[in-house]
Each structure stands twice: as structure tokens, then as C-alpha cells.
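*Asks:* This is the structure, below, for whatever I ask next.
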Amino acid sequence: MRVGVAGASGYSGAELVRLLAAHPGAVLAKLAAGEQAGQPIDKVFPSLRGVSSQQLDETDWGALGEACDVVFLALPHGHALDAVPQLLASGCRVVDLGADFRLRDPAAYREHYGHDHRAPELLAEAVYGLPERHRDEIAGARLIANPGCYPTATALALLPLLPLLRRQPAPLVVVDAKSGVSGAGRKATTGVHFCEVSDSLKPYSPLAHRHQPEIEQLLGEALATPQPVAFVPHLVPMTRGILSCCYLQPAGEGPLSELDQEEADALYGSAYEAEPFVRVLPAPELPATKNTLGSNLCDVAVRVDRQRRLVVAFAAIDNLVKGAAGQAVQNFNLMFGFEETTGLRSAPLFP
């Protein structure tokens, strides 16, 4: 398939080039960027020497749509709103790694992103690209809204508990998550400057992060009832990785409040036994970001404290792979009929 990447000069864009250059079913037809246009990709990212030396073009949606069967958009929020209608009109399919088509409600988009949604007619068509939840819908989609990194880790931590949550009075759900600084993108800002981040750990946007409504929407749609989430992200002085710790405290009697550790382990094992990128860790192991580094894998675990009526679910991913480019390629595979793991079988880097 002829593939284009817009935003190829960013971290997620570079990951897409790295993965797609080795994909047996993909040809990199177009790479587009803004300020870096005119330069070869391996000058912008020397790590890609010998992988691709393709030139970065100016971003021209007409040219991308004509040259490509699918375009990956690795752009800041807002930029896909004008691009996607043009690309779809050209007959091209789109995987958007940004936030512009994740939220179903235009009012929620305006509230959390600060401006009106300029293509609201496409929100109902966009498929939320979490393969472990929406595999069948992804296969036939023209437009994929690739999930955010925090929502990916959080969803994969919680999905096996959904059958219990459907029969349980809504529990308190608290998500305490940590991310490496690459999640903030490549553009230098004070908040992710080495001197500001090194030897420090800090929360940011507590209870007001833009990924909170995405997590609530995902759970609410799966449960067919609203599920409020208290989401507190933290910035960790490391380059890659997300660790999501999800605390559930049942509000009353029900299957979640009666769950024991053995039943929880069986629930997670059954939910993910056929999933190629989710590894359920046996006790006493717990997820660690180092063990998923550079891979499309997600490690999950669950712990139950009957005495305190508490269930804690954990997940670790690489935010640039399973949390961005790797999941986008996984969606590409499903959209075009490739084996789902094609181009994504690399083991994590260690140490």
C-alpha cells in the first residue's frame, strides 16, 4: 500500500517511518512536514540513516491524497480538522494519531481543546482505533481515531473488568498515571527541558487533562452508562513509557466487590489469551515500562484487596509505539487485511 506520513518530523512521525520502512506491505510514498520540509528524513533523525533518506515535502493535502492509499496524521490537535475531509474526498483512508476525531461530542471537543470542531459530520464515522475493543469496525473504516497514549494504557488495564462493572453500582475509578517526556512532543518547551524535569516527579493537569473525557467516553460507551473517572497524570524524568495504575472501589454489593484474586487472574487471562500484544503478568510480577520499551506490547496485571474492597489494575506501554505509532500500524494492518502483527513483532529493548 502507498503510505503517507504527515508530521514526519515529530517523535510519533519518526516512529511511523521506522516501523513502516520495514513493513512488507507498505511503501513510503510521501513524507510531509512543516519547518523541516526540504530536508531528508535521516538528517532530521540521524537514527534513520540506512532506513530511509526520503525527503520531507511541504504539507499538501491534495498531493498526499493523490499519491497515497492511506495517510497517517501525526500532527498537533486542530490540524487534522481541515486535512481529513480533503483526504477522504480523494479516496484516501486516514489514521489520525491526534485528538481531533476521538471525542464524539463537538461540545466536549470545544470544552477541552478550546475551539469549534470544523468537521463534526465525520465524528460519527470515525472509528476509535483500539484493536482489543473495536477490531471488526477498524477493518472496514475510512477514518481511524488512534487512541491517546494514556487512554490506551488505562483501557487495556480495565477492559477485562467491564463484564463485572456492567452489573455493579458505579464504582469510584481513580487513574494515577505516569509518562515519559517524549509524550510532550519534540518541540522544546520549558516544562520538558532537561533541567526542569531531571531528578523530579510532578503531577500536571490533575482532574482536567484532555485525556480524561476520552477515558470516560471509552468506558461509558462500553458500559452503556456514564462512568466518571478521576485522572491524574504525572511527568517522569525518562524518555519513553507510560504506567497506568487504576483504582476501583465498588460503591455497593455486586460482582466487583465480591471478586477475589484467583477470579481476577482468570478474568484477565481469558480476556487477553488471544491478544497478540497484551501480556498478562503472573503474580508476583507487575508491569514496568522498561519491559515494553520500543515494542507494541502492553503488560497488564491486577490485584484485589477484599478487606479494603479495592481492585487495582496496572498497565505499562511505550507511549510512542503502542501509545501512538505502533497502534497506528496495527490499525493499518487491520484496515488493509494484513496479519495484525505484521511489522510489529520486535521484542522490547532491554536493558
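*Asks:* How many of the residues making up the range 195-214 are in contact with a helix residue (DSSP H, G or I) (Cβ under 7 Å, 6 or more places away or on another chain) and either assigned to a loop (DSSP other than H, G, I, E, B) or free of Cβ contacts under 8 Å to residues at least 12 places away in the same chain (or both)?
*Replies:* 2
*Asks:* Just the residues that are among the acidic types (Asp, Glu) and buried (at least 24 other Cβ atoms within 10 Å of the Cβ), please, taken from the range 299-324.
*Replies:* Across the range 299-324, the qualifying residues are Asp299, Asp318.
*Asks:* Quick check on the range 4-16: of everything there that is at negative phi and out of contact with any strand residue (DSSP E or B) (no Cβ under 6 Å at 6 or more places or on another chain), which residue is surrounded by the most Cβ atoms within 10 Å (Cβ to Cβ)?
*Replies:* Residues of the range 4-16 at negative phi: 4-6, 8-16.
If we keep only those that are out of contact with any strand residue (DSSP E or B) (no Cβ under 6 Å at 6 or more places or on another chain) too, we end up with 10-12, 14-15.
On the way: Gly10: 26, Tyr11: 22, Ser12: 30, Ala14: 24, Glu15: 26.
Here the answer is Ser12.
*Asks:* Which numbered condition trips up Glu221, out of (1) charged (D, E, K, R); (2) in contact with a strand residue (DSSP E or B) (Cβ under 9 Å, 6 or more places away or on another chain); (3) under 19 Å from Asn319 (Cβ atoms)?
*Replies:* (3)
*Asks:* List pairs: first in the range 56-68 and part of a helix (DSSP H, G or I), second among the charged types (D, E, K, R), Cβ under 8 Å, 6+ apart or cross-chain?
*Replies:* Trp61/Asp82; Ala63/Lys30; Ala63/Asp57; Leu64/Lys30; Ala67/Arg2; Ala67/Lys30
*Asks:* Something else about it: Restricting the search to the range 231-264, which residues are surrounded by 15 or more Cβ atoms within 10 Å (Cβ to Cβ) and among the aliphatic types (A, V, I, L, M)?
*Replies:* Within the range 231-264, Val232, Leu235, Val236, Met238, Ile242, Leu243, Leu248, Leu256, Leu259, Ala264 meet the criteria.
*Asks:* Here are some residues: Ser179, Ser205, Ser198. Which one is under 20 Å from the mean Cα position of the chain (by Cα) and either among the aromatic types (Phe, Trp, Tyr) or within 27 Å of Pro351 (Cα to Cα) (or both)? I'd like the intermediate steps shown before the answer.
*Replies:* Working: Ser205 fails: either among the aromatic types (Phe, Trp, Tyr) or within 27 Å of Pro351 (Cα to Cα) (or both); Ser198 fails: under 20 Å from the mean Cα position of the chain (by Cα).
That would be Ser179, the only listed residue that is under 20 Å from the mean Cα position of the chain (by Cα) and either among the aromatic types (Phe, Trp, Tyr) or within 27 Å of Pro351 (Cα to Cα) (or both).
*Asks:* Hey, another quick one. Could you check how many residues of the range 178-196 are out of contact with any Cys (no Cβ under 8 Å at 6 or more places or on another chain) and buried (at least 19 other Cβ atoms within 10 Å of the Cβ)?
*Replies:* Of the range 178-196, the ones out of contact with any Cys (no Cβ under 8 Å at 6 or more places or on another chain) are 178, 180-182, 184-196.
Checking which are buried (at least 19 other Cβ atoms within 10 Å of the Cβ) leaves us with 178, 180-182.
Residues that pass the stated criteria total 4.
Here's the yes/no breakdown for (1) among the β-branched types (Val, Ile, Thr); (2) at pLDDT below 95; (3) in a helix (DSSP H, G or I):
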{"residue": "Gly13", "(1), (2), (3)": "no, no, yes"}
{"residue": "Gly25", "(1), (2), (3)": "no, no, no"}
{"residue": "Ala29", "(1), (2), (3)": "no, no, no"}
{"residue": "Ala32", "(1), (2), (3)": "no, no, no"}
{"residue": "Phe72", "(1), (2), (3)": "no, no, no"}
{"residue": "Pro85", "(1), (2), (3)": "no, no, yes"}
{"residue": "Arg102", "(1), (2), (3)": "no, no, no"}
{"residue": "Ala107", "(1), (2), (3)": "no, no, yes"}
{"residue": "His115", "(1), (2), (3)": "no, yes, no"}
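*Asks:* If you don't mind, another one. Of all residues being of a type in the set (Phe, Trp, Tyr) and surrounded by fewer than 24 Cβ atoms within 10 Å (Cβ to Cβ) in the range 325-350, which is nearest to Glu275 (Cα to Cα)? Just the residue, please.
*Replies:* In this case the residue turns out to be Phe338.
*Asks:* Taking helices (runs of 4 or more DSSP H) that do not extend beyond the range 118-194, which have at least 3 residues that are of a type in the set (A, V, I, L, M, F, W, C)? It would help to see each step written out before you state the result.
*Replies:* Details: elements: 131-139, 149-158, 162-165.
Here the list reads 149-158, 162-165.
*Asks:* Among the residues that make up the range 236-246, is at least one of them hydroxyl-bearing (Ser, Thr, Tyr), in contact (Cβ under 8 Å) with a residue 60 or more places away in the chain and in contact with a helix residue (DSSP H, G or I) (Cβ under 6 Å, 6 or more places away or on another chain)? Before the answer, list the steps.
*Replies:* Looking only at the range 236-246, we keep the residues that are hydroxyl-bearing (Ser, Thr, Tyr), and these are 239, 244.
This time we only want the ones that are in contact (Cβ under 8 Å) with a residue 60 or more places away in the chain, so: 244.
From what's left, in contact with a helix residue (DSSP H, G or I) (Cβ under 6 Å, 6 or more places away or on another chain): 244.
Yes, some residue in the range 236-246 is hydroxyl-bearing (Ser, Thr, Tyr), in contact (Cβ under 8 Å) with a residue 60 or more places away in the chain and in contact with a helix residue (DSSP H, G or I) (Cβ under 6 Å, 6 or more places away or on another chain).
*Asks:* Here's something else I'd like to know. Working only within the range 206-220, note down all residues that are out of contact with any Asp or Glu (no Cβ under 9 Å at 6 or more places or on another chain) and surrounded by 14 or more Cβ atoms within 10 Å (Cβ to Cβ).
*Replies:* His209, Arg210, His211, Gln212, Glu214, Ile215, Glu216, Leu218, Leu219, Gly220 - these are the residues of the range 206-220 that are out of contact with any Asp or Glu (no Cβ under 9 Å at 6 or more places or on another chain) and surrounded by 14 or more Cβ atoms within 10 Å (Cβ to Cβ).
The values are calculated or read from the model by the stated rules, or taken from the named source; none is laboratory data. Bear in mind the structure is a predicted one, so any value in this text is a computation, not a measurement. Glycine gets a Cβ as well: all are built from the backbone with ideal geometry, and neighbour counts include every protein chain shown.
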